[in-house]
1. So, of the residues in region 163-180 that are more than 23 Å from residue 106 (Cβ to Cβ), part of a helix (DSSP H, G or I) and in contact (Cβ under 8 Å) with a residue 12 or more places away in the chain, which turns out to be farthest from the chain's Cα centre (by Cα)?
2. Look through 186, 160, 122 and report the one residue that is in contact with a strand residue (DSSP E or B) (Cβ under 6 Å, 6 or more places away or on another chain) and in contact (Cβ under 8 Å) with a residue 12 or more places away in the chain.
3. Would you say residue 282 is surrounded by fewer than 22 Cβ atoms within 10 Å (Cβ to Cβ) and farther than 28 Å from residue 246 by Cβ?
4. Evaluate region 91-102: report whether one residue or more is assigned to a helix (DSSP H, G or I) and out of contact with any helix residue (DSSP H, G or I) (no Cβ under 6 Å at 6 or more places or on another chain).
5. From the list 281, 285, exactly one residue is within 20 Å of residue 361 (Cβ to Cβ) and modelled with pLDDT under 95. Which is it?
6. Just checking, does region 303-314 include any residue being surrounded by 15 or more Cβ atoms within 10 Å (Cβ to Cβ), in a helix (DSSP H, G or I) and touching a residue at least 12 places away in the same chain (Cβ under 8 Å)?
7. Could you grab me the full set of residues in region 66-87 that are free of Cβ contacts under 8 Å to residues at least 40 places away in the same chain and over 15 Å from residue 133 (Cβ atoms)?
8. Residues to consider are 342, 318; find the one that is surrounded by fewer than 19 Cβ atoms within 10 Å (Cβ to Cβ), modelled with pLDDT of 95 or more, in contact with a strand residue (DSSP E or B) (Cβ under 9 Å, 6 or more places away or on another chain) and not in a strand (DSSP E or B).
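The values are calculated or read from the model by the stated rules, or taken from the named source; none is laboratory data. Computed from a predicted model, the values in this text were never measured in an experiment. Positions of Cβ are generated from backbone atoms using ideal geometry, with glycine treated the same way; all protein chains shown enter the neighbour counts.
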């Protein structure tokens, strides 16, 4: 993902939210007929059955779904894919492109239904479409004997990192003195004013590193006190390899994903991630992506795909204007196979395997999801 130039300065309790955006060929809106956001109507995902054969293997299996953060499409399809894959393929574990601290708050919401926990997340805490999507996921989760597991594999935003630790540890009595002092720092107004939910600053990186040292020093005492779920979340936060949006990030998030899947007792996994990470062969540069790293792993199989937008909108620079995309018609390499892709996109949201005459596109991803007539994300 390429970063957009600004952060949106309106993030509920946290004052700021980030936006990221893959490099796209943009076109000003000329035809906005029948474009819908998630809240306008329900749009069924067509051809979900495509995934069935992939999960019928003896190895652990990971499906990657690459999304565009400023489009409403992912918030439409994510609850549907979760429910389908859980019922049909046994998927119980969701990997998200946020840090373990943010995953903690999604998990708290799913276990309690208390929407205050969503206020500490970037997606559901700011975007209306994503809040509605997580409400739908919550309702489905309530029907399950075995609840969904949320795993964050990216770097943590410093303020969310701190607030997750406070939420996790504050209720325990007789904590080590260093932990009490740490929580007093986190609950202060100075902490809120110093650290943001944007990319970590030098001060933020230092705070996270020093906090992890304190947690490790007091780990034996915490291990004796914490409930199993809290202990598991704490270990994920401490063990997070990713630190920031930097040159090492792709390898760091790869290490997080590989380590988690290898150590997990689960067999099936679903990942939602920015689509720039899903390319096996990147279009705009020669840098290896998450998907290309994961494909090399022998311990599990990876199926990677991304959403393409046709007469669908996203937000442009700084979220100040709406832009209509015609990606299969106008964007390389998809436009070279426009007729074949277009003929297979039989509904507004269609999963298209890259098989037969579309097989040359397999050098980039294994499948695409073509989204028509969808609007930008709503906030």
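1. Going through the qualifying residues, I end up with 178.
2. Details: 186 fails: in contact with a strand residue (DSSP E or B) (Cβ under 6 Å, 6 or more places away or on another chain); 160 fails: in contact with a strand residue (DSSP E or B) (Cβ under 6 Å, 6 or more places away or on another chain).
Among 186, 160, 122, only 122 is in contact with a strand residue (DSSP E or B) (Cβ under 6 Å, 6 or more places away or on another chain) and in contact (Cβ under 8 Å) with a residue 12 or more places away in the chain.
3. Numbers: surrounded by fewer than 22 Cβ atoms within 10 Å (Cβ to Cβ): yes; farther than 28 Å from residue 246 by Cβ: no.
So residue 282 does not fit the description; no.
4. no
5. Working: 281 fails: modelled with pLDDT under 95.
After applying the criteria, what remains is 285.
6. The answer is no, given that none of the residues of region 303-314 is surrounded by 15 or more Cβ atoms within 10 Å (Cβ to Cβ), in a helix (DSSP H, G or I) and touching a residue at least 12 places away in the same chain (Cβ under 8 Å).
7. Here is the first cut: in region 66-87, the ones free of Cβ contacts under 8 Å to residues at least 40 places away in the same chain are 80, 84, 87.
Matches in region 66-87: 87 only.
8. Working: 318 fails: modelled with pLDDT of 95 or more.
Being surrounded by fewer than 19 Cβ atoms within 10 Å (Cβ to Cβ), modelled with pLDDT of 95 or more, in contact with a strand residue (DSSP E or B) (Cβ under 9 Å, 6 or more places away or on another chain) and not in a strand (DSSP E or B) holds for just one of 342, 318, which is 342.
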